[in-house]
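Below is one structure, written out as structure tokens; comments come after it.
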Amino acid sequence: MAVGEETTIASAKVKIGVYGFTGCAGDQLIIIHTEDELLNLFNAVDVQSFVMASSNPIEGDLDVAFVEGSVSTGEEREHIQDIRKRAKYLVALGNCAVSGGPQAMYTNDGTFADRLKQVYGDSKFVTEPLEGSPIDEFVTVDFYIPGCPIDAPQAFAAITRLIHGSVPEPYPHPVCHECKLNENKCLLMDKKFCLGPVTAGGCDSACPNNGVACVGCWGPNPDGNFEEHFKLLESFGMSKEEIVRRIRNFGGLKILKHIEGL
Ligand code: SF4
Ligand code: SF4
């Protein structure tokens, strides 16, 4: 759906579901820990399912499904497909759902079957193991709320818009923009491995604010100059393999897709 296009979400109580797949559950935790907003949210919507908050889900039709975590088993693949059928809008919540997360860091590095055998030998599994993947590898996703974990103000702004029938707006600038607003010294000046120029903003430059380089967990900033940033990092004396390895640790899969030849 394009930004500005009218949605058909009813203005009465919107039915939502919050689901958790493979991940650390940090995004659900952010929602639950945002006490100032939680009562307003629960008053405004009809929560049908919230895996971390209730053990009594109602698995019916939904207006909006929020899905945290990557898909890494056959069971999860079936579950996400079922949620997709029941939900008018499907929202990927957090880095693992959006980009696959750390569990997807070895995607495209040899075959999954080989790596599985190396770790587990000939063990039998109760459910089919899959390469950890973002949920949009299996279903159409309408909106993305990135982050590792999500940022509460950004996420609640997006959730508020969704439940009132509007389209959430992605933060339009890279992490560097927020970093400048926070008056940080640029870590690239000290040849630190920072992905701020090619990473979508919205975290208020959480890592550089504390002298830590951005590892790209908000995913790619579509306007980033990926090729040039890669060359800049190479000029710091890092090998191509090392740069790729570090980029794909957090949300890097989608950043790497912007760099030709990788
Ligand atoms: S420290 Fe990182 S995020 Fe901040 S301006 Fe420099 S490159 Fe951008
Ligand atoms: S600065 Fe980068 S790594 Fe840190 S939270 Fe923001 S997007 Fe994620």
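Quick check on my link table: of K231/K254; K124/K257; K85/K124; K15/K180; K191/K257; K117/K192, which ones sit more than 28 Å apart, alpha carbon to alpha carbon?
K124/K257; K85/K124; K15/K180; K117/K192
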Self-check item: Cleavage-rule hits, GluC sites (Glu not before Pro), region 130-203, DSSP coil, Cβ neighbours within 10 Å at most 13
Solution: E183
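Report the chymotrypsin sites (Phe, Trp or Tyr not before Pro) located in region 115-162 that are in a DSSP loop and have at most 11 other Cβ atoms inside 10 Å of their Cβ, or state none.
When the chymotrypsin sites (Phe, Trp or Tyr not before Pro) of region 115-162 are filtered for loop state and at most 11 Cβ neighbours within 10 Å, F125 remain.
For the chain, which semi-axes, largest first and in whole Å, follow from the square roots of 5 times the eigenvalues of its Cα gyration tensor?
31, 25, 15
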Quiz item: Taking a Cβ-Cβ separation under 4.7 Å as the criterion for a possible partner, which cysteines of the chain have none?
Solution: C24, C96, C176, C179, C186, C194, C203, C207, C214
Exercise. At 0.36 nm per residue, minus the direct Cα-Cα distance, what do E37 and T111 gain on full extension? Give it in nm, one decimal, please.
Key: 22.3 nm
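Each value in this text was obtained by applying a stated rule to the coordinates, not by laboratory testing. Just so it is clear, the structure is predicted and the values come from calculations on it, not from any experiment. Here Cβ is always computed from backbone atoms with ideal geometry, including for glycine, and neighbour counts include all displayed protein chains.
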